[in-house]
Structures are given as C-alpha cells and as structure tokens.
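Here's the structure we're looking at; comments come further down.
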Amino acid sequence: MRPALLALSLAMVPAGAGAGAQAEGPAPAMAPASTASAFGQYAPPRQFTEQVTETFYLPMRDGTRLAVLVARPAVGGKAAQGRFPVIWHHSLSSTQQDGDGVGPRKGGFGSMPGLTAHGYVVVQVARRGNGQSFGTMRGYHDRNEAHDAYELIEWLGTQPWSSGKVGQYGCSNTGDAAMHGMTVNAPHLAAVFAGCFSWNKYDAMRRGGIFAQWGTGPTRTVEQDMAVPPVAGGEGKIMLRKAAEEHQRGVRLFDVWNALPYRDSFSPQLQSTFWFEGSASSYKPQILQGKVPLYIVGGWRDELRDQGLIARMNVPGARIVIGDWLHCENEDFALVQEAHRFFDRHLKGIDTGIDRDPPIHYFVVGANGTKGEWRSAVQWPLPQSKLVPFTFTPAGLKEGTATDRGLTRSFAVDYAVTCKDSGFGPFMQPCHLPGVGASIAGKPLQAPTEMTGHGLADVWISAPTPDANLFLYVEDVAPDGKVRVVTEGRLKASLRKLGQAPWAMPGIPWHRAFAEDAQPLKPGEPVRLQFDIMPTSWTYAKGHRMQITVTGSDWRERARDPQSQPAQITLISDRDHPSSVSLPLVSK
C-alpha cells in the first residue's frame, strides 16, 4: 500500500533544504563503469529484460489528483526486488509514448522508459490540467506545477522501491518542467537532464518583443483529452471524463501570451506578472542553492537554442550538448546513452568518465569537408571566436566599421509571406524569399570560414508607423545562387531601449521591455536597433557568400499588432547611422 503523501507548504523553501545542503564531507569512492564510456557512447550490459507498469492517481496537497505511471524492472513478470534510482518526466500525459514535445527520433527523450533495463524506475506524471490528471492549467509552468514537482520528487524518493536518488528529464514544455523542478530544492532531487526549454519565458516566447513563436502550449477539447489511455481501474473512463472537463476551465495560453506584450505585463486571467512567475531565471538563487547537476540539450535549428546556452552560463557546473537538430530531435546521436551516462554518475555513483569531459559539446555544421564534426569546449563564448563587424554599404557587406557613400534602401513589407516546406509548430524554420525585404551580400569567400557563437545586429531604420517589427536573417549564398538561412534575430522597434540583464549573458544586447520602456517611432525619423543574433556553429564553404536579409514580417508571426504594420521600412547606413552586423568568426 502506498504511503500517504504529506501536505507540504512550499511558498518558501528554507535555506539549506535543497539537495546541495547535505552535510559536507569527503565524497564516497565511485564504482568503475562496466563498459567503455565516452561522449555519446555508453552501453553497459542490460540488467533486466522485463518491465512491469502500474498506473494510479496520486493526490497533491490541495487534493488535485495527478495521473502516474510507474515502470519498474521485472523478473519473471514481477517487479524486481530491491531499491532502484528513479528518473521521472513531468509530462502532458502519464502514458509512455514518443511525442509530447519530446521528439520522434528513436533513441531520443521518448526512449527514456527503456532505462528500466539498466536498473532504473522510470515514472511519467501528467501535469495538473493535462492528460489523465485532474486540475486546471494556470498559464504554463506556474508555481502550482513547481510545488507539485516538490511533492512528487519527495514521494518518489521515499517509496520502498526507491534508492532515494531521483533524477528528472524532459524536453520542450517538459524541459521547462524539469528546470522548475530545480527551483524548489527538493532534497531527493539528484540530477536533471533537460532540453529545448526557456531560461526566461519572455525572451523565449516574445523574442525581441515580437509574438512570432509557436510555443502557446497544449489546448485540447474534451474529445481530444478522452483519446488518451485512462488510468487503470473500473472507473478509468469516468475519471478521465471528469478530468477532461476540469481542464476546460483553463485559459487558452495563446490568449494569455497575447495579453502580455511587455515583460512586466500583468495577466488579468492569471492574476500575475506571469513572465516572471513562469521563468526559471526568476528562481536562479534557489537553483544555485540546490546545486543539482544539470545536463542541457539543444539544437542549432531550435528557436530556444540561446536559452540553453544562457542557462548554462548561470548554473555553475552545467553541461550542454548542441547538435544540428530541430526542436527536441537528435538525429544520429545516441542521446539516451548520454543521459544514461549522466544518470549513472549522479544517481548510482558510477565513474562513467563524464566528470572528466569538457562541459560543452557542439556540432560544427559544414566542417570537415562539409560532413560536419563534433567539438568540445570548456567555456562559452569560445575564446577563439571573435566578433567581426560587417557594415552595410551600397557595394554590399564590407568587413570593418567604415562606410562608403550612404545606403538608403526602402522595401515593401509583405504580410502574406509563407515558407513552403519549412516545418510546423516547434519545427518551423525561417526561409529566404527572393525579393522580400532588403538583402546585402558580401564577396565570395576565399577559404572556408567558421562562424560559431552569438552575433550582434546594429541597424538603423525608419518607418511611417508608431512601431515596426524587424527580422534579420544571416544567410549562406552558394555559387549557384541557392540561399540558406543560417541564423536570425528580431526586435520590435518600440522596445529598442537597452538594459542590463539580471542574469549572466554572453555579451549580447538585452532589452528590459517594460511598458515604460516603449519608445514609439516618429515618421521618417531614423532609430537605432541593437539586438542579438541567435547562436549557431556553421562553416561557409569556399566560394560561398555571407548575406544579410532584413524584412518587416515573418511567416511565424501571430496576432500582429496593427501599430506594427508599416507598408514599408527604410534601411539606413551612412556615416551618421552606420548599420552593421558583427558575426562570431573563429580564428584559425
């Protein structure tokens, strides 16, 4: 019989309550790994070939019942005896399945339940207001969910089948959930493996102050909720129906985000300045207090790639891997083996060698004869990567800060733009559309050129409207004229005022974007927009050209602001208004 769950008051976690607050002393000797272990390569022999599962409801402190699925190692059709470390997923459903934002690729996050074969208990919990669980979503990753995580971690750490060591994993919305699990200092939490999450929700979901992001979360009908498998038991479908009806009381996340244009906007639906409440960055002191080991996963083609790198800068000891991947995907990389290696180290005390690895692994696209290659580093930004300015001139991109005769280029803004075959939802990608916006190219490169890191945009524009959205794409132009977008940046012109970020940043501009910071445009008056270009690691081949394209719209925009829709925008670059980009080029 499962022990009753304690009612916990989690509004304030006392100092010293976290996992890192255990008594100091010499670290116990680690057991050697039973197999060869290296980055992305870790396949110890299986300990178990069977798995048994159990589903049930677990009540939280307020009586809300959350759906839980526990998968345990098994022998002869019965749960194996003994205590095992636990890894869990604060998900949208308590079923074991690919999807739920965790990516479809074999060997990825969706394959984590297979770690029962290696002596782990793997648990799925549907977050309140989702899947089979009762309750109502309040925004996205509010403190209710974080406090649920505390109770769940402590429950998982004290079960008779648990060793007391608990790890958490997730990607996308469940990666955010894993980060919020670190903010409540649950004593049994010992490691977190999280991918493609937001460090700061405003900077991720309103990048540059613009609503051009897919991340408005799950919004499901009762019928859609009824399609998930119910918790086991004679009343499973009845309970599922009741839970689905409770879910409908939540406010659509699209409506919440759309009503919060500024970082300090107050949500009337949630009665909160929710960008603060829902951001892991707001709880950096608690994360640092907990000292829980963190491994971050990102992708160069994921819109949240900068968030993982910024999080690593703010969480001492954190590790990160970034491949040439879309959101929560990991083609040709054994991600679960790397997660297993990490969890064996921190949940089982096995010396997998991961402590001796550099903390950063990143894939350089186009390196090594265009095949690309993995590299490692001990710090980010890379010390060998230097920001090189390229000024916009009538003759094209010119390395350096000097300008030729002035460049003034007005372009029409097309609000009907679409990008064919450029993905959907979290996989949406920018694309180059010939003739849309203003494009400025450099000369053919005389040698392969690597660009790794964050870039900077420093652009002067004017527009006839009180506001304008500016999108900037860094592109690779092949000798045959084919254009590929490598990376991008964006900024709402009225939110151009610079500020000082309250957390560590990799030398890039940051905008506080409070309501009082808004500076409307005046017709025909040039304004300076300084903003970051998202990080990448890309190699331009010999003979290719760097190109910058600037537009006033993007196919991913949602709920456009009528005040930010000028018919045309004028790009300016002269001695008084020098427009440029600074790109992170790696010196040989």
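Kindly check whether there is at least one residue in region 450-464 that is in a loop (DSSP other than H, G, I, E, B) and touching a Phe, Trp or Tyr at 6+ places or on another chain (Cβ under 7 Å). The answer is no; no qualifying residue exists.
Of all residues in region 316-353, those satisfying the criterion of being open to solvent by less than 10 Å² (accessible area, probe 1.4 Å) and either closer than 18 Å to GLN379 by Cβ or free of Cβ contacts under 8 Å to residues at least 24 places away in the same chain (or both) are ALA318, ILE320, VAL321, ILE322. Is there a residue in region 415-431 that is acidic (Asp, Glu) and surrounded by fewer than 16 Cβ atoms within 10 Å (Cβ to Cβ)? Looking through region 415-431, at least one residue is acidic (Asp, Glu) and surrounded by fewer than 16 Cβ atoms within 10 Å (Cβ to Cβ). May I ask you to list pairs of residues, at least six apart or on different chains, whose Cβ atoms are under 6 Å apart, with the first in region 513-531 being surrounded by 14 or more Cβ atoms within 10 Å (Cβ to Cβ) and the second being aromatic (Phe, Trp, Tyr)? Every condition considered, the pairs that remain are ALA513/TYR262; PHE514/TYR262; PRO526/TRP460; ARG528/TRP460.
Taking the criterion of being among the hydrophobic types (A, V, I, L, M, F, W, C), in contact (Cβ under 8 Å) with a residue 12 or more places away in the chain and in a loop (DSSP other than H, G, I, E, B), the residues of region 487-512 that qualify are LEU498, TRP503, ALA504, MET505, ILE508, TRP510. In this structure, ASP357 does satisfy being open to solvent by 20 Å² or more (accessible area, probe 1.4 Å), acidic (Asp, Glu) and at pLDDT 95 or above. The helices (runs of 4 or more DSSP H) located wholly in region 209-281 that include 2 or more residues which are without any contact (Cβ under 8 Å) to a residue 24 or more places away in the chain occupy 222-225, 236-247.
Applying the condition of being open to solvent by less than 40 Å² (accessible area, probe 1.4 Å) and touching a Leu at 6+ places or on another chain (Cβ under 9 Å) to region 399-414 and asking which residue is nearest to GLN213 (Cα to Cα) yields PHE411. I'd like to check something: does region 539-551 contain any residue that is in contact with a Leu (Cβ under 8 Å, 6 or more places away or on another chain), crowded, with 19+ Cβ neighbours inside 10 Å and of a type in the set (Phe, Trp, Tyr)? Yes, region 539-551 contains at least one residue that is in contact with a Leu (Cβ under 8 Å, 6 or more places away or on another chain), crowded, with 19+ Cβ neighbours inside 10 Å and of a type in the set (Phe, Trp, Tyr).
Across region 246-276, the number of residues qualifying as surrounded by fewer than 20 Cβ atoms within 10 Å (Cβ to Cβ) and among the basic types (Lys, Arg) comes to 2.
Of everything in region 29-50 that is within 30 Å of the chain's Cα centre (by Cα) and more than 16 Å from PRO73 (Cβ to Cβ), the residue that is most open to solvent (accessible area, probe 1.4 Å) is GLN41.
The values are calculated or read from the model by the stated rules, or taken from the named source; none is laboratory data. Computed from a predicted model, the values in this text were never measured in an experiment. Every residue, glycine as well, gets a Cβ built from its backbone with ideal geometry; the counts of neighbours run over all protein chains shown. Just the protein is used for accessible areas: all its heavy atoms, side chains included, with ligands, DNA and RNA removed. Shrake-Rupley method; radii C 1.70, N 1.55, O 1.52, S 1.80 Å.
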